[in-house]
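One structure is given here, and the rest of the page talks about it.
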Amino acid sequence: MDTAADLSRLLGPLRRAVLRSTRAAEGLPDLPDAQIELLRVLSAGGPLGTRAVAERLRISPSTVSNLVRTMTAAGLVERHASTTDLRAVDLSVSPGASELLERYDRASRETLEQAVAKLPPGDRDALTAALPALARLVTALEG
């Protein structure tokens with residue numbers, strides 16, 4: 001058994017399945033995963049500048065700028081003149097996007113709860129036991 005290869009093959013489909021189920025359950029818009037992650041960063045630590053968002057997401061500032069352009073036009077992100085650097089802007093989540101993110105999180109949790117409840121008890125126990133290891137894996141990958 002090649003744990004890394006198996007995990008690699010499962011992560012993408014798992015994430016997509018959760019997003020599809022979440023969107024369908026709540027009638028949520030089809031926001032790309034990158035936009036949802038940007039909203040999460042701004043919700044947790046905003047307002048933030050483009051560079052700070054890029055560092056937290058571990059993507060390039062130009063990618064953040066492209067996302068922000070699209071998300072500003074859609075009313076998801078608000079841009080404000082920076083209070084510390086007149087050449088820069090600070091980004092924050094719009095009130096509508098904040099409510100949307102809460103709906104995504106609630107629906108995602110409920111969708112996963114329902115799916116996990118359908119699994120045999122041994123599988124549920126295995127998932128519960130694996131959570132600390134998965135959290136450490138995230139830390140190791142980010143390190």
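The values are calculated or read from the model by the stated rules, or taken from the named source; none is laboratory data. Here the structure is a predicted model, which is why all the values come from computation and not from measurement. Glycine gets a Cβ as well: all are built from the backbone with ideal geometry, and neighbour counts include every protein chain shown. Protein only, heavy atoms only, side chains kept; ligands, DNA and RNA dropped before computing areas. Shrake-Rupley method; radii C 1.70, N 1.55, O 1.52, S 1.80 Å.
Using Cα pairs under 8 angstrom and six or more residues apart, how large is the relative contact order of the chain, in percent? About 25 percent, as a whole number. For V116 and V138, FRET efficiency with R0 = 30 Å and r from the beta-carbon atoms, rounded to 0.05? Working from the Cβ atoms, E equals 0.95. For the chain, the longest principal axis of the C-alpha atoms and the axis of helix 61-73 are separated by about 80°. Relative to the Cα centre, the charge distribution of the chain, modelled as +1 at Lys and Arg Cβ and -1 at Asp and Glu Cβ, gives a dipole magnitude of about 220 debye. Picking from L39, V64, V93, whose Cα lies most toward the positive end of the charge dipole for segment 31-93 (charges on Cβ: Lys, Arg +1; Asp, Glu -1)? Positive-most Cα among the choices belongs to V64. Computed over the alpha-carbon atoms, segment 60-137 gives an Rg to Rh ratio of 1.20, Rh here being the Kirkwood radius from the mean inverse distance. Along its three principal directions, the equivalent ellipsoid of segment 39-81 from the Cα gyration tensor extends over semi-axes of 15, 12, 9 Å, largest first. Amide H contacts of V89: T50, S82, each under 5 Å away and 5 or more positions distant or on a separate chain (H built 1.01 Å from N in the peptide plane; Pro and chain starts excluded). When you filter the trypsin sites (Lys or Arg not before Pro) in segment 1-97 for DSSP loop state and at most 12 other Cβ atoms inside 10 Å of their Cβ, you are left with R58, R87. Placing a pseudo-label 7 Å from each Cα along the Cα-to-Cβ vector at L86 and T63 gives an inter-label distance of 3.4 nm.
Classify the chain: rounded, prolate or oblate, from the alpha-carbon gyration tensor (a ≥ b ≥ c, eigenvalue square roots; a/c under 1.5 rounded; otherwise prolate if a/b is larger than b/c)? Here the chain falls in the prolate category.
Solvent-accessible area of L131, all protein chains in place: 110 Å² (probe radius 1.4 Å, heavy atoms, ligands and nucleic acids excluded).
Applied to segment 115-131, the Karplus parametrisation 6.51 cos²θ - 1.76 cosθ + 1.60 on θ = phi - 60° returns per-residue 3J(HN,Hα) values of 5, 5, 4, 7, 7, x, x, x, 5, 4, 5, 5, 5, 4, 5, 7, 4 Hz, with x for Gly and Pro. Count Lys and Arg as plus one, Asp and Glu as minus one, and take only other residues whose Cβ is under 12 Å from that of L119; the net charge is then -1. 3J(HN,Hα) along segment 5-18: 5, 5, 5, 4, 5, 8, 4, x, x, 5, 4, 5, 5, 5 Hz, from the Karplus curve 6.51 cos²θ - 1.76 cosθ + 1.60 with θ = phi - 60°, whole Hz, x for Gly and Pro. For the options T70, T50, T84, a Gaussian network treatment of the chain with springs between C-alpha atoms closer than 10 Å singles out T84 as fluctuating the most. On full extension, the segment bounded by S98 and D125 gains 6.4 nm, given 0.36 nm per residue less the C-alpha separation.
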